[in-house]
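What follows is a short report on a single structure.
The values are calculated or read from the model by the stated rules, or taken from the named source; none is laboratory data. Just so it is clear, the model here is predicted, and its values are computed rather than measured. Because the Cβ atoms are built from the backbone with ideal geometry, glycine has one as well, and the counts that use them run over all protein chains shown.
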Number of protein chains: 2
Amino acid sequence: MAGASDAWTVVETRFDPAMAKAYEGLFTLGSGYLHVRGSLEEHLPDQPQNVEYERRAGNVTSEEFRNVLAQWGTYVPGVFARHPTLNNQMVNLPWPLRLGLAVDGERLSATSSRLLEWRRELSLRAAVLRRKVLWETESGAMVTVNFERFVSAMRPGVIAQRMTVEAAREIEAEVTAGIDADVRTNGCWHFGEVSCGVAGEPPQDLRVCVVTDGGDKVEMRSRVRSAAPGNWEFNAEADSRRRSCGQRLWVRVAPGVPLSVEKVTTVSTSRDAGREGAGDAGRAGGGGYDELLVEHRRVWEERWARSDVEIEGDPESQLAARIAIFHLLRAHVPGDPRVAIDAKGYAGEAYWGRYFWDTEMYLLPFYLYSNPDAARTLAAFRVHTLEGAKRNAARYGYPGARYAWESDASGDECCPNWQYADHEVHVTADVAYGLAHYAAASGDSAFLQGPAAEVLVETARYWMERITFEDRVRRTRPRLLGVMGPDEYKPITNDNAYTNGLVAESLRLAAEHGQAVVGVTASERAAWRRTADGLSVLRGSDGVLVMQCEGFDGFADPEFDRLWIDRDRTFAAQVSQERLYRGKCLKQADVLMLMAIFPDKFTDEEVRRAWDYYLPYTTHDSSLSAGAHCLVACRLGLDDQAWAFWRRGSRQDLPEADGGEGGAAEGIHIAGAGAVWMMIGLGFGGLRTALQSEELTLTPRLPKAWTGVRFPLVWKGQALRVEIAHGRTVISNRSERELVVSVRGVRRAIAPAKEEVFA
Amino acid sequence: MAGASDAWTVVETRFDPAMAKAYEGLFTLGSGYLHVRGSLEEHLPDQPQNVEYERRAGNVTSEEFRNVLAQWGTYVPGVFARHPTLNNQMVNLPWPLRLGLAVDGERLSATSSRLLEWRRELSLRAAVLRRKVLWETESGAMVTVNFERFVSAMRPGVIAQRMTVEAAREIEAEVTAGIDADVRTNGCWHFGEVSCGVAGEPPQDLRVCVVTDGGDKVEMRSRVRSAAPGNWEFNAEADSRRRSCGQRLWVRVAPGVPLSVEKVTTVSTSRDAGREGAGDAGRAGGGGYDELLVEHRRVWEERWARSDVEIEGDPESQLAARIAIFHLLRAHVPGDPRVAIDAKGYAGEAYWGRYFWDTEMYLLPFYLYSNPDAARTLAAFRVHTLEGAKRNAARYGYPGARYAWESDASGDECCPNWQYADHEVHVTADVAYGLAHYAAASGDSAFLQGPAAEVLVETARYWMERITFEDRVRRTRPRLLGVMGPDEYKPITNDNAYTNGLVAESLRLAAEHGQAVVGVTASERAAWRRTADGLSVLRGSDGVLVMQCEGFDGFADPEFDRLWIDRDRTFAAQVSQERLYRGKCLKQADVLMLMAIFPDKFTDEEVRRAWDYYLPYTTHDSSLSAGAHCLVACRLGLDDQAWAFWRRGSRQDLPEADGGEGGAAEGIHIAGAGAVWMMIGLGFGGLRTALQSEELTLTPRLPKAWTGVRFPLVWKGQALRVEIAHGRTVISNRSERELVVSVRGVRRAIAPAKEEVFA
């Protein structure tokens, strides 16, 4: 590993403007309820955060990313507002972390100050971000500045910050602290009302209150404290015009007497009423930074105990896995089924903070098998947004429920590009599959008979209208025409294998559990079952190759040799969209993804044939592709390829200094983070999911580069630990019931608190 | 016919707010160079013309049409500017026609004044719009007001207006005149600079000068004159803030002494430098209204002599035909190959004033066979915009030239919807076909060897990259994948019959004429010819049915019976787009259009099979559909259906009072107007085009409802007249050479100035 990071800590050892946004995204901290990007406390000069985007001609439905060095981000999941042309988006809230320093009249700045040392560390274990800079001022002073911050896991509306300043000789320091409301979300202003000022009796708080044009009220209060002598000067009036509030302290810092400043910010919103434990959680309490830190660390210790994956013999993979799990733990909103986890894991504005099929297919497994309660809120989110899905169906002229390709917190379709919104219908089946997965893995068998049954029934009713029956009268020979599968380079195809497979499963689930819903008849359920059986996965002329869709083999040769000049950039960036749309190029695994989900429905020969056929056409332009390929490679025993896809899939957000791609500038690839866990648990661990197997079943295939891997699991309510080494797998039963497990075909019962060793 | 219109005059006998915009469009006057919609001189109260549209979420790429009663429109072809999200659009210029009247303090208003009589007449013959109102004022006066106006065909930058006011008793009249620059184009403000004021020595002119954000400078000067006593008061300063200028006269009008006011407006633009005869044409000369009218009428007499179609026995059809021809004559810009004719015939802002495939496939025939010089500018427009077409090709990563689906005057692609812009590639082949059609019909055989040859070659080079060769190495088995044909309800299909047919023709033309271009090799031309021969039109399993595209028969039953509830509205308005995109529903003729263009490539049996197969699936949601169907019905001898499609296709813009649909609110269906001529000439007249036949050939099929039809033609430079009655066709040779003609298979030579009667 090139960097200074170790397996629990991500370290940045110099400030590189080109990587600043990637670290901002990677260093996002959060409590579920509240997230802040890793932007610098003192900000960077000449990086305005209030730039409105002009809507461009041409592809007007695309996001723009400005070429800026810093992009603040403060997000409270569920706070959405209307973008003028792109539908609802998650709002970037006022930035509450400002903490600036000037010494002898010179402002601290990463881009212009003479910094002899720079070290930022994200402690994954403690979820604390620290920075140390050694600054030689123009006045000749050597000043050490330390910043620390965290978003309290115990009090999820609270952010704690500390700055300490030490100097080798006496210096004149000016400390500023503030909250800035003049921010945009994807270049768009969302605050109908803004008030900025000071609140309370001395010692006063800084206070910013905004009402978004989506109707949410968000209040932030910061209390800044220092033992240093001197009075804080509040400059509320001047700042209010600038949509910010701040305070300022001039102080002499003597050598050997560090200046310490603490800032504790409390964020509350009008959404808190519906939040579990919101009463206390939003309050900072009387404690200072250190007290808050103690309780915060305790929560994270518990989280890691439930979730950590330990990899031996490969520190780079270990770091990548911990980064992924850290963000999965951070991004989940405990106890709140009104939101899911957006495509960028609340760490950036790409994809407008919306919820995709990722939730079910890439995020759920991690939570299901490590913390089923967390998984339950994600499953419940789809139940909660059923009304939105019904509105979507009605908007398209259908009965039943149609889940949004890009969902906001209400479930309404927000995707502004019709090819996805209209055609990528598989998400509706993925939702049903996810509900069943939750029920099976958690052992919460009542779930599908209870709140989820209506989802199964309403989506089945949608499908029965969306499906084309070649014989309309008898409703036989069902086909799904005009769909886009996970491979988004084929926008409008017939009988996409993935979609047909998931829809058939969804209809079977509805037939099985639909009687729980009043009004569902036996004949309706029989029709669902019959339709599920009729929806077929097409085969090639050899009878073995599963066709991605009708006519796939007739599409154009993508001519990668001639047209994909720069393999470091996506194929899509180098050819016109219409070339993508008529060629055999795949954006990501499609048939293989289906085979990873339903391994028992396909023989090894079929999987291998599909692998050999599609892989040469697959660009992996999607960050989701590597994970699915790794799973299938594990099944096929293609160890080298599994390893290559693991490396590719696990390093997207890892800093370049640590051997990764440093891709977190616009947020975390959170589905990729989920895929990291899937590659370890389902791929190398060979865990069959609860939908694939009634009993706990593992077929470990440890990568050669690792000497071992250990992780906890929860299987239908039973906690256990898995330790895999080469030639040896140990399962420890951490539950109070006997655990039955099969490892590589050897089936044993393990008594409570005991372990079993498998060869 | 219900209305008061006669065969040369369109009459409106009452003011109906619901129909106001339709008459505005229908009553558009123009000189080619300049067009003004038929908005009322005094305007309507509470109908602001400066409303900015908010861009809506969702389908952001659509036009919005405001629900207003009046929509001014002043257009100079070629003046385009950038819409913030929808690319370049034709600019709606300042409105120069304001001429208002108040009597005894009460303003004349169509919506609030007590009008005992209302009569507006568009004289198609003279291209003059007249209005007479009898107004009983609140003060009890009976006032007759006459308005007249025309855009000079002789001086194409000049608009002449006259208002006369007569009263039965003395009245106090206030006359206002002005120019209003505070207008929007599709809700968008395009004037970077505006100056409004008065100009010159007394008698002064009103003057408005704007510079568009597209860089065009447009100046308008109005001189208002009246013999009435009194001085005009100019209110330039106050009005300039309102982006307008105006003048005002108070005058007593005595009984028996009508007040007459004339307003002559001259429009000039920075584009005039490139305009033929611009020097004089833009000047009003010293003459007044009557003098300008005399020369104007003379031009229109000549035009009608060259173009009129006389229909006997069916006044409604006669009026419909004359309206179509009137607008075809108006919309063409004489001598200016820098522009073509936009989709709404410069009579509204729908389709943003852009040029489509209509130019070649629906507009050219009228001009080709009545006024080849006019046709030449349309053909030359595509040569002129070859550079734009090359830019389009390069933008998509292709060599050669790719014509825009929606072209501005530079040839650049402006279509904001990717499914059309990317996939409706047939326009590029249509352009080549149009060039060949011009060369053949005009007898200008040098054209294809000269300026047009490069278009043929560059488009062929584009096709050779756009086509997929199943055998890449030998470049055999060509296919065209991922295209949208004329039927825009099938967005991404393979081997669309229409497209393959036109592209093959285009490649053959390039092979035939390409040697005129330096650098074209014999082997390149051979490859074009071979590819043309290889591009096939797919057949159904019976070997007879021409398939619209691969897999058409596998698309979904559109279920019109169940889903097309209201047959008075389009099918598309009643189902989701994705239903259109996966169903067998057609927007318009596609295979049949191909058969109309290449009648000899298909047997009667094949045409009939296609008719029977596709017609039940065809919604005719496109205004272009009826015309193509009429032509094919004529060929098949389906007289009743030909007649039904004639009626449907010819009445779109005809006022409801005259038996039509009154559909001109957003502009004229100018391609439909071209189709009106095609239905008469090519359909009922049975004229084979010059690409279909070397010699002049007609197979008349007069509709039963008509007793005769007469029209002039120009065939390869030879003028002639055709008179068709039941059982009798007379061809008069009006040229100075012998004319060879075949009528219903009987071939004769006709001496100059002689005629021949055919049975």
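Annotations for the structure displayed:
- Test for A:R562: is it surrounded by 22 or more Cβ atoms within 10 Å (Cβ to Cβ), within 14 Å of another protein chain (Cβ to nearest Cβ) and under 30 Å from B:R479 (Cα atoms): no
- Filter pass, A:E138 being within 35 Å of the chain's Cα centre (by Cα), at pLDDT 95 or above, of a type in the set (D, E) and at negative phi: no
- Scanning the range A:312-332 turns up no residue that is touching a Ser or Thr at 6+ places or on another chain (Cβ under 8 Å) and without any contact (Cβ under 8 Å) to a residue 12 or more places away in the chain.
- Qualifying positions in the range B:196-217 - of a type outside the set (G, A, S) and over 15 Å from B:G78 (Cα atoms): B:C196, B:V198, B:E201, B:P202, B:P203, B:Q204, B:D205, B:L206, B:R207, B:V208, B:C209, B:V210
- The lone exception for A:A516 - which of (1) in contact with a helix residue (DSSP H, G or I) (Cβ under 6 Å, 6 or more places away or on another chain); (2) not assigned by TED's automatic domain parsing to the domain that holds A:A460 it fails: (2)
- Those helices (runs of 4 or more DSSP H) lying entirely in the range A:435-542 with at least 3 residues away from chain B (no Cβ under 14 Å) and surrounded by fewer than 18 Cβ atoms within 10 Å (Cβ to Cβ): A:522-534
- Qualifying residue in the range A:131-141 (condition: touching a residue at least 60 places away in the same chain (Cβ under 8 Å) and among the hydroxyl-bearing types (S, T, Y)): no
- Residues that are surrounded by fewer than 22 Cβ atoms within 10 Å (Cβ to Cβ) and within 14 Å of chain A (Cβ to nearest Cβ), drawn from the range B:67-82: B:A81, B:R82
- Residue within the range A:672-679 that is modelled with pLDDT of 95 or more and surrounded by fewer than 24 Cβ atoms within 10 Å (Cβ to Cβ) present: no
- Scoring A:Q47 on the criteria (1) away from chain B (no Cβ under 14 Å); (2) at pLDDT 95 or above leaves a single failure, condition (2).
- Contact map, the range B:743-758: first residue among the basic types (K, R) and modelled with pLDDT of 95 or more, second residue surrounded by 13 or more Cβ atoms within 10 Å (Cβ to Cβ) and part of a strand (DSSP E or B), Cβ cut-off under 7 Å, separation 6 or more or different chains; pairs are B:R744/B:F758; B:R747/B:V740; B:R748/B:V741; B:R748/B:E756; B:K754/B:N733.
- Residue in the range A:179-190 that is without any contact (Cβ under 8 Å) to a residue 60 or more places away in the chain and either surrounded by fewer than 23 Cβ atoms within 10 Å (Cβ to Cβ) or over 30 Å from A:V309 (Cβ atoms) (or both) present: no
- Listed by position, the helices (runs of 4 or more DSSP H) contained in the range A:550-668 that have at least 3 residues being at pLDDT 95 or above and not hydrophobic (A, V, I, L, M, F, W, C) are A:577-582, A:604-614, A:625-636, A:639-650.
To keep it simple, each residue is scored yes or no on (1) within 32 Å of the chain's Cα centre (by Cα); (2) over 30 Å from A:A404 (Cα atoms); (3) in the same structural domain as A:E219 (by TED's automatic domain parsing).
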position: A:N88; (1), (2), (3): yes, no, yes
position: A:L93; (1), (2), (3): yes, no, yes
position: A:L99; (1), (2), (3): yes, yes, yes
position: A:T111; (1), (2), (3): yes, yes, yes
position: A:R125; (1), (2), (3): yes, yes, yes
position: A:L134; (1), (2), (3): no, yes, yes
position: A:M142; (1), (2), (3): no, yes, yes
position: A:F150; (1), (2), (3): yes, yes, yes
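- Selection count where residues are over 20 Å from A:R98 (Cβ atoms) and out of contact with any helix residue (DSSP H, G or I) (no Cβ under 9 Å at 6 or more places or on another chain), scope the range A:124-154: 9
- Test: residue in the range B:731-743 that is under 22 Å from B:D640 (Cβ atoms) and either touching a Lys or Arg at 6+ places or on another chain (Cβ under 8 Å) or polar (S, T, N, Q) (or both): no
- Residue in the range A:400-416 that is within 14 Å of chain B (Cβ to nearest Cβ), in contact with an Asp or Glu (Cβ under 9 Å, 6 or more places away or on another chain), surrounded by fewer than 24 Cβ atoms within 10 Å (Cβ to Cβ) and modelled with pLDDT under 95 present: yes
- Qualifying residue in the range B:90-98 (condition: at pLDDT below 95 and more than 14 Å from chain A (Cβ to nearest Cβ)): no
- Candidate set: the range A:417-434, residues that are assigned to a loop (DSSP other than H, G, I, E, B) and buried (at least 23 other Cβ atoms within 10 Å of the Cβ); chosen: the one nearest to the other protein chains (Cβ to nearest Cβ): A:V425
- Counted residues, the range A:198-247 - those being within 21 Å of A:T269 (Cα to Cα), outside any strand (DSSP E or B) and out of contact with any Cys (no Cβ under 8 Å at 6 or more places or on another chain): 6
- Condition met for B:R569 (under 28 Å from the mean Cα position of the chain (by Cα), away from every other protein chain (no Cβ under 11 Å) and of a type outside the set (G, A, S)): yes
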